[in-house]
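Student: Right, I'll just put the structure down here and ask away after.
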Amino acid sequence: MSVDVEGLTHRYGERAALDGVAFSVRAGEVFGLVGPNGGGKTTLFKILSTALVPTSGTARVAGIDVRDGAVRRKIGVVFQAPSLDGKLTVAENLLHHGHLYGLSGGGLRQRIGEELTRFGLADRAGDRVEKLSGGLQRRVELAKSLLHRPEVLLLDEPSTGLDPGARRDLWDALRGLKGVTVLLTTHLLEEAERCDRLAILHKGRVVALGEPLALRAEIGGDVVTVRSRDAEKLAAGIREKLGESPQLVDGTVRLARDRGHEFVGRLVEAFPGMIDSVTVAKPSLEDVFMSKTRELWS
């Protein structure tokens, strides 16, 4: 396994940010960490990137315990906050980063050329970073993180601040990596859908783990979403008349039901004039997220 986490716990005083977290990431896959704010993913990322020492448990990256400084040569890290020097050129940023890993001379120049070509930056080598768009700067971050040929690439919210086109380019670049395992944190569920597998963290624990398609299948049934001019009144009426447990989500009434299309008829008949629209769909990754964090089905 490229990443192996067992019984990982971390406390900030009396609060457990991580509580016995365990999962493995296979070599070569793109693995996502998803969770609500305060769920523990930032703490976990800091531990895997060696910025934080865990309270207990173990975490190994490329077979090396994260407490061992040698692991840093095995990982590339792209933090959420930019780590480039805007006053330097693209090539100069990579050059100085290479020096930190003991690279120099022709070998370093060759690697810089290879990474710039890989990410479509060869014609931007002499441009100052501060003049680049957010998407191009993110590509420079990726090129820099891969300069020392790491086995595992760690990315913290890599799409932050990127427009849809730049986000797509980022994922094309990640999918084009060969022989590198990618572990990323994200709050974007559409991004999580692109991962080979993902873990949902909630209150410091892994509450779901698997392929996106398999996680959606775990919920089963249908999700009925109802729009109404008075969603709160409609939800109360559904609880009282139909004995269901709907939830208000973003101004809509949502509930999980087997054979949702049959339930729609009962719903419309019971509340004439209150329903603007109804949709019936299979569970999405958002529904999985809400279910596992007990914000939708409770």
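The values are calculated or read from the model by the stated rules, or taken from the named source; none is laboratory data. Because the structure is a prediction, the values reported are computed rather than measured. Here the Cβ positions follow ideal geometry from the backbone for every residue, glycine too, while neighbour counts run over all protein chains shown.
Student: Does region 144-157 include one or more residues that are over 24 Å from Ser2 (Cβ atoms) and in the same structural domain as Ser24 (by TED's automatic domain parsing)? It would help to see each step written out before you state the result.
Tutor: To start, the set of residues in region 144-157 that are over 24 Å from Ser2 (Cβ atoms) comprises none.
No, that holds for no residue.
Student: Take the residues in region 122-158 that are small (Gly, Ala, Ser) and within 17 Å of Arg109 (Cβ to Cβ); name whichever of them is surrounded by the most Cβ atoms within 10 Å (Cβ to Cβ). Let's see the steps before the verdict.
Tutor: Start the filter on region 122-158 by keeping residues that are small (Gly, Ala, Ser), which leaves 122, 125-126, 133-135, 143, 145.
Within this subset, residues satisfying the condition of being within 17 Å of Arg109 (Cβ to Cβ) are 122, 125-126, 143.
Numbers: Ala122: 15, Ala125: 16, Gly126: 9, Ala143: 26.
Checking each candidate, the answer is Ala143.
Student: Just to be sure before I move on: is Pro283 assigned to a loop (DSSP other than H, G, I, E, B) and at pLDDT 90 or above in the structure I sent?
Tutor: On the way: assigned to a loop (DSSP other than H, G, I, E, B): yes; at pLDDT 90 or above: no.
In short, no.
Student: Right, something else. Return the residue satisfying two criteria in turn: it lies in region 229-266 and is of a type in the set (D, E, K, R) and part of a loop (DSSP other than H, G, I, E, B), and of such residues it is surrounded by the fewest Cβ atoms within 10 Å (Cβ to Cβ). Give the derivation first.
Tutor: The initial filter retains those residues of region 229-266 that are of a type in the set (D, E, K, R), namely 229-230, 232-233, 239-241, 244, 250, 254, 257-259, 262, 266.
Okay, now just the ones that are also part of a loop (DSSP other than H, G, I, E, B), so 229-230, 244, 250, 258-259.
Working: Arg229: 10, Asp230: 10, Glu244: 17, Asp250: 7, Asp258: 9, Arg259: 10.
Residue satisfying both the conditions and the ranking: Asp250.
Student: Further, regarding this structure: Which number in (1) of a type in the set (S, T, N, Q); (2) part of a loop (DSSP other than H, G, I, E, B); (3) modelled with pLDDT of 95 or more marks the one condition that Thr160 misses?
Tutor: All conditions are met except number (3).
Student: Can I ask one more? Tell me whether region 19-33 contains one or more residues that are surrounded by 14 or more Cβ atoms within 10 Å (Cβ to Cβ), among the polar types (S, T, N, Q) and within 23 Å of Glu157 (Cβ to Cβ).
Tutor: yes
Student: Do you know which residues across region 41-84 are more than 22 Å from the chain's Cα centre (by Cα), surrounded by fewer than 17 Cβ atoms within 10 Å (Cβ to Cβ) and small (Gly, Ala, Ser)?
Tutor: Ser56, Gly63, Gly69, Ala70
Student: A further question follows. Every residue in region 281-290 that is crowded, with 17+ Cβ neighbours inside 10 Å and of a type in the set (A, V, I, L, M, F, W, C), please.
Tutor: Hits for region 281-290 are Leu285, Val288, Phe289, Met290.
Student: Something else about it: Could we say that Pro36 is assigned to a loop (DSSP other than H, G, I, E, B) and buried (at least 20 other Cβ atoms within 10 Å of the Cβ) here? If you could, list the steps in order and put the result at the bottom.
Tutor: On the way: assigned to a loop (DSSP other than H, G, I, E, B): yes; buried (at least 20 other Cβ atoms within 10 Å of the Cβ): no.
No; evaluated as a whole, the condition is false for this residue.
Student: Residues in region 208-228 that are out of contact with any Cys (no Cβ under 8 Å at 6 or more places or on another chain), within 30 Å of Val5 (Cα to Cα) and either of a type in the set (S, T, N, Q) or surrounded by 18 or more Cβ atoms within 10 Å (Cβ to Cβ) (or both): how many?
Tutor: Applying the first criterion (out of contact with any Cys (no Cβ under 8 Å at 6 or more places or on another chain)) to region 208-228 yields 208-211, 213-228.
Restricting the remaining residues to those that are within 30 Å of Val5 (Cα to Cα) gives 208-211, 213-220.
Still in the list and also either of a type in the set (S, T, N, Q) or surrounded by 18 or more Cβ atoms within 10 Å (Cβ to Cβ) (or both): 208, 215-216, 219.
Counting residues in region 208-228 that are out of contact with any Cys (no Cβ under 8 Å at 6 or more places or on another chain), within 30 Å of Val5 (Cα to Cα) and either of a type in the set (S, T, N, Q) or surrounded by 18 or more Cβ atoms within 10 Å (Cβ to Cβ) (or both) gives 4.
Student: I'm trying to understand the selection: among the residues of region 102-112, which are surrounded by 15 or more Cβ atoms within 10 Å (Cβ to Cβ) and farther than 11 Å from Val90 by Cα?
Tutor: Hits for region 102-112 are Leu103, Leu108, Arg109, Arg111.
Student: Among the numbered conditions (1) more than 22 Å from Ile47 (Cα to Cα); (2) assigned to a loop (DSSP other than H, G, I, E, B), tell me where Leu215 comes up short.
Tutor: (2)
Student: Tell me which residues, restricted to region 218-260, are in contact with a Gly (Cβ under 9 Å, 6 or more places away or on another chain), within 30 Å of Lys41 (Cβ to Cβ) and among the aliphatic types (A, V, I, L, M).
Tutor: Once the filter is applied, which keeps residues that are in contact with a Gly (Cβ under 9 Å, 6 or more places away or on another chain), within 30 Å of Lys41 (Cβ to Cβ) and among the aliphatic types (A, V, I, L, M), region 218-260 yields Val223, Ala256.
Student: While we're looking at this one, here's another question. Which residue, of Gly20, Gly28, Gly76, is part of a loop (DSSP other than H, G, I, E, B), in the same structural domain as Ala173 (by TED's automatic domain parsing) and not aliphatic (A, V, I, L, M)?
Tutor: Details: Gly20 fails: part of a loop (DSSP other than H, G, I, E, B); Gly76 fails: part of a loop (DSSP other than H, G, I, E, B).
Checking each option against the conditions leaves just Gly28.
Student: All but one of (1) touching a residue at least 12 places away in the same chain (Cβ under 8 Å); (2) out of contact with any helix residue (DSSP H, G or I) (no Cβ under 8 Å at 6 or more places or on another chain) hold for Val268; state the number of the condition that does not hold.
Tutor: It fails just one condition, (1).
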